[in-house]
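Read through the structure below, which is laid out as structure tokens, and then see the notes.
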Amino acid sequence: MPTLFHSLLLTRSPLTRALLLGAGLLVIGGCREAETSAPAPLQGVAVHEVTTAAQALTTTLPGRATAHLVAEIRPQVGGIIQKRLFSEGETVKAGQALYQIDPQTFQAALAQAQATVSSARATLKAAELKAKRDAQLVKIDAISAESNESAQASLLEARASLQSALAAQHTAQINLDYTRITAPIDGRTATSSVTPGALVTAEQTTALTTVQQLDPIYVDFTQPSSTLLRFKRELAEGKLARSEQQDATRISLELEDGSTYAHAGTLTFNGVSVDESTGSVTFRAVVPNPDGLLMPGMYLKATLQEGVQHDAILVPQQAVSRDERGGATALVVVDGKVQQRELTLARAVDNRWWVSQGLAAGDQVIIQGLQKVHVGQQVQIQAQGQDKTLTAINDSN
């Protein structure tokens with residue numbers, strides 16, 4: 001069925017039809033112009049509202065485990081090793097026998113020393129009797145004073161000889177005792193460098209074995225002196241405060257496989273000098289090691305709490321970008337428009353950045369839709385929050 005407009009065109013004169021056709025074209029053009037001038041929808045973004053909160057300042061430093069006590073076992077007398085009296089890797093007690101050196105030579109030396117002591121005692125006894133008798137005789141002028149003085153001198157000499165013999169006997173006994181080599185401390189033994197039949201010498205440079213006390217165990221770690229100075233300066237300026245809830249001497253440890261060690265350590269020593277070659281300061285912590293999991297030389301990461309910043313600003317990592325110079329930047333929404341801020345980042349905390357400069361509480365940082373907006377653009381906030389998960393923005397916006 002023809003439309004009304006078509007009917008008018010068919011029933012009117014040529015002039016009328018021309019006027020009607022022109023009017024129709026004007027109406028169509030006006031509609032298209034109205035459609036073209038309609039405002040485009042604003043780009044939607046999700047923002048994170050910046051807040052401040054107390055944040056502990058922790059430092060993770062590399063370290064190495066070292067034994068609490070170490071005793072290198074060396075012979076104090078020479079001889080042939082007869083027996084090894086321990087199993088390698090065994091835990092031993094102080095005073096427990098580790099090796100037995102052939103004692104026969106030292107037993108003979110002790111017997112000779114004991115005989116010398118017996119002879120000296122007999123000589124002393126005779127000298128005492130003669131000195132006593134001569135002392136009585138000189139009183140009645142039965143002997144000369146010179147003879148009496150000689151007897152008294154012989155007595156003193158006999159006493160000295162006995163003391164010398166006793167000392168030699170004691171030395172011989174010590175040397176005999178040294179043929180049984182014992183552990184000076186409680187600890188775990190290392191491998192043995194000798195076997196029965198080996199010849200050893202007194203105070204040789206090669207240790208027979210090593211005994212290490214591993215519970216507790218030391219962990220030594222280093223910190224750059226520049227970092228230590230910055231921390232002390234920030235404490236003095238009030239930017240950081242000492243933690244009152246957590247013991248600053250407590251440290252936690254991370255093992256080589258990334259797992260957390262079950263026992264916390266205690267910081268016992270702060271370095272008193274700076275290593276000239278590395279520019280670092282050494283710290284030492286005592287760590288419980290009841291299961292023997294930590295071994296000397298093991299690489300560890302020590303985390304210690306240095307202080308607390310009460311107005312710290314942390315933002316999600318996806319809110320921070322890098323410019324062509326590598327500087328950190330973020331886009332914020334101010335009065336509905338996008339602005340760019342240059343940031344100074346202190347460190348990463350889990351999945352967030354600790355921002356020291358560039359943002360303030362209340363700023364709305366864009367965390368979703370960053371690739372679709374530019375500086376100065378008018379945008380619409382579709383989702384916002386603080387530390388909670390935000391509603392994702394539809395990619396079609």
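What follows is calculated from the coordinates using simple rules that are stated; it is not laboratory data. Just so you know, these numbers come straight off a predicted model, no measurement behind them. Every residue, glycine among them, receives a Cβ derived from its backbone with ideal geometry; neighbour counts consider all protein chains shown.
Taking 51 Å as R0, compute the FRET efficiency from the Cβ-Cβ separation of Ser226 and Glu72 and round it to 0.05. Walk me through the numbers before you get to the answer.
Details: r = 37 Å, r/R0 = 0.73.
Approximately 0.85, to the nearest 0.05.
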Taking a crude spin-label model, label points 7 Å out from Cα along the C-beta direction, the Glu203 to Arg133 distance in nm is 4.8
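Using the Cβ atoms and a cut-off under 10 Å, what net charge is assigned to the surroundings of Gln76, where Lys and Arg are +1 and Asp and Glu are -1? Each step should come with its number before you reach the end.
Numbers: positive: Arg74; negative: Asp177, Glu203.
Overall, the nearby charge balance is -1.
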What distance in nm separates the simple spin-label points at Ala360 and Asp177, each placed 7 Å from Cα in the Cβ direction?
7.9
Ranked list, fewest to most other Cβ atoms within 10 Å of each Cβ, for Tyr299, Tyr261, Tyr99
Tyr299, Tyr261, Tyr99
A correct fewest-to-most ranking of Leu155, Leu69 by other Cβ atoms within 10 Å would be Leu69, Leu155
FRET efficiency estimate (nearest 0.05) - Cβ-Cβ, Glu49 to Thr278, R0 45 angstrom
0.55
14 Å beta-carbon shell around Ala330, net charge (K/R +1, D/E -1):
-1
How much length, in nm to one decimal, is gained on full extension between Glu256 and Met298, taken as 0.36 nm per residue of separation minus their Cα-Cα distance?
14.3 nm
Note, segment 176-182: 3J(HN,Hα) by Karplus (6.51, -1.76, 1.60, θ = phi - 60°), whole Hz, Gly/Pro = x, goes 5, 4, 5, 5, 9, 7, 10
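With N residues in segment 75-211, what two-decimal value do you get for its Cα radius of gyration over 2.2 N^0.38 Å? Walk me through the numbers on the way to the answer.
Working: Rg = 24.0 Å, N = 137, 2.2 N^0.38 = 14.3 Å.
My calculation over the Cα atoms of segment 75-211 gives 1.68.
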From fewest to most C-beta neighbours within 10 Å, the residues Ser164, Ser277, Ser154 line up as Ser277, Ser164, Ser154
In Hz, Karplus ³J(HN,Hα) per residue of segment 126-131 (6.51, -1.76, 1.60; θ = phi - 60°; x = Gly, Pro)
5, 5, 5, 5, 5, 5
Starting from the Cα-Cα distance between His374 and Asp186, subtract it from 0.36 nm times their residue separation and give me the gain in nm to one decimal.
60.7 nm
Karplus couplings for segment 374-380 from phi (6.51 cos²θ - 1.76 cosθ + 1.60, θ = phi - 60°), rounded to Hz, Gly and Pro as x?
9, 4, x, 6, 7, 10, 10
With the cut-off at 1.5 for a/c, could you classify segment 50-141 from its C-alpha gyration tensor as rounded, prolate or oblate?
oblate
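For every other residue with a beta carbon closer than 12 angstrom to the beta carbon of Ala151, add +1 if it is Lys or Arg and -1 if Asp or Glu, then tell me the sum.
Values: positive: Lys130, Lys132, Arg133; negative: Glu128, Asp134, Glu146, Glu149, Glu157.
So the environment of Ala151 carries a net charge of -2.
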proj_area_mean for segment 117-167 (convex hull on C-alpha atoms), units nm², value 2.9
